Amino acid sequence: MYQQYQQQPPPQALGGQANGSSQNRDAVDPIVARQLYRNELATLTFNSKPIITSLTIAAGDNVSVCKVIVQTIEERLRTAPPNQKLPTLYLIDSIIKNVGGPY
């Protein structure tokens, strides 16, 4: 997912970019991407810059499944307890500012 970053170990199934190659972007399984992103998004229960950064990097590294990532974030925003919605909005802001494009 984002092997070049040291904050968290990368999930291999999301098509990492360790060698700088973009050939793995097309091989990302949307079902696997949804589950991995959902799992990491579930850890965003408070305003945590490292988690938001990690999720933003994952979104940027996996633009080929951007619709799946957006749907996962929308689902989280709808179902999260009220005290966990603001960190999700901060994540959306971070993705828009740092990744832009298809998001």
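Bear in mind that the values in this text are calculations on the coordinates, not laboratory data. Fair warning: this is a prediction, and the values are worked out from it, not measured in the lab. Positions of Cβ are generated from backbone atoms using ideal geometry, with glycine treated the same way; all protein chains shown enter the neighbour counts.
Applying the criteria of a DSSP loop state and at most 12 other Cβ atoms within 10 Å to the trypsin sites (Lys or Arg not before Pro) of segment 56-91 yields no site. Other residues within the sphere of radius under 14 Å centred on the Cβ of Lys85, judged by their own Cβ, net out at -1 (K and R +1, D and E -1).
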